[in-house]
Amino acid sequence: LAGNWHMGYPQDFLAEAGGRAASAAAAVDSIKPLIDLAALSIAEQEAALVDDLLSVFLGQAGEYVVCQMVEGPKWQRLGLRVRGVNEPSLVEQVERLLPLCECVYTIKRFVETRSRIEHPMVVQALAAAMRKLQEEWWLLVVQLEHQQMQGQLSLAGLVYYCQAPAASMELLATIAGEASDTTSLTSAGLLNLLAAKQRALAGDRPGQLLVGQLLEAAAEPYFGILRQWMCRGLLDDPYHEFMIKEDRDVGRDSVTPDGQPAYWTSRYRFRGAVTSSGSSAAGEFDVPEFLASSKEAILVTGKYLNVIRLCGQPVPPCPQSTLDKLKYNAAAGPGSQTFLTG
């Protein structure tokens, strides 16, 4: 995983569990499992591990698959390890599933935290799209649980069934990690991140379609603001995430230092870009890359409609054909692919 998720996620997650990162990892070892696997046969140990992994696949805490803090040079993150298992073959099979378990935790955490109302609408929309994909994963887990109840699911079978969705889950977790940077990643920056991720997956058709699905969902609230601006001259931007900002201090009678009316030039302007440190980038604008070539036309169109409204005149209705075009289509090409394959 990349981004500030390495540093921010473990502290936050473990704090909610009731302790600091260092003490919480130690507290896990102090809690003994309900069943000592050493006293069971290998078949019974395998059944207990399958049951434990299915719980972890739903984002719940496991008894034998437990969290640990992984320390790096300048970061620490939440990792997973196997405890209480002495059979090497079982340990090997469980460890093959640990990266997938970490992805499950990361996606779950992103969905839970970024769905909150304090985050911009683009971020909330991305979290909602991830939640839908998360539900598809839960459906697979329910199917696996049914096989387990029938006594037909082994560790080897669990590894096999998880091969197909593993790549999609890893991709979602990577996006969740990169999208968690709230210091410098604006809504336009998040859309650019998803667009760049989709281009980078040029040789991975399922991955492209998956990121395109997320990009379309995340762009919808942004284009909702765009439609209001271009069709009515209204800037309805409660989270200040749109590429055009309003300076309410500039009124109808405001003038520039040289005596010229300031309303047209200064009331509505492009929002400045933000650097990785969170400061403004001089001479750069916070605009999604897929709107960069049209940004001047977007600004001027909304300004004209805004002035018409300001003069008390009715704003011409926006044709339906225009409204239909004010949507983002991130399709990488023809065809469709389900999230879970195989």
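The values are calculated or read from the model by the stated rules, or taken from the named source; none is laboratory data. Since this is a predicted model, take the numbers as computed values, not measurements. Heads up, the Cβs are rebuilt from the backbone with ideal geometry, glycines too, and the neighbour counts pull from every protein chain shown. To get the accessible areas, we keep the full protein, side chains included, count just its heavy atoms, and leave off ligands, DNA and RNA. Shrake-Rupley method; radii C 1.70, N 1.55, O 1.52, S 1.80 Å.
Observations on the model:
- Å³ per residue enclosed by the Cα convex hull of segment 203-260: 140 Å³
- 5 angstrom amide H check on residue 273, placed H, neighbours 5+ away: 281, 284, 285, 286
- When all protein chains stay in place and ligands, DNA and RNA are ignored, the 1.4 Å accessible-area order of 237, 204, 258, largest first, is 258, 204, 237.
- The packing ranking, built from the mean of other Cβ atoms within 10 Å per residue, places the peptides 171-180, 108-117 in the order 171-180, 108-117, highest first.
- Scattering from segment 39-190 was approximated by placing one identical point on each alpha carbon and applying the Debye formula without solvent; log10 I(q)/I(0) at 0.20 1/Å stands at -1.25.
- Each of the peptides 157-169, 312-324 was scored by the mean count of other Cβ atoms within 10 Å over its residues; in descending order, highest first, they stand as 157-169, 312-324.
- Between residue 327 and residue 91, the modelled label-to-label distance comes to 5.4 nm, taking each label 7 Å out from Cα in the direction of the beta carbon.
- Extension gain for the segment residue 200 to residue 98, taken as residue separation times 0.36 nm less the Cα-Cα distance, is 34.1 nm to one decimal.
- The length gained on full extension between residue 285 and residue 143, counted as 0.36 nm times the residue separation minus their Cα-Cα distance, comes to 46.3 nm.
- Solvent accessible area, Å² - residue 240, 1.4 Å probe, full protein context: 130 Å²
- q = 0.12, 0.19, 0.22 Å⁻¹, segment 178-285: log10 I(q)/I(0) [Debye, one scatterer per Cα]: -0.55, -1.07, -1.23
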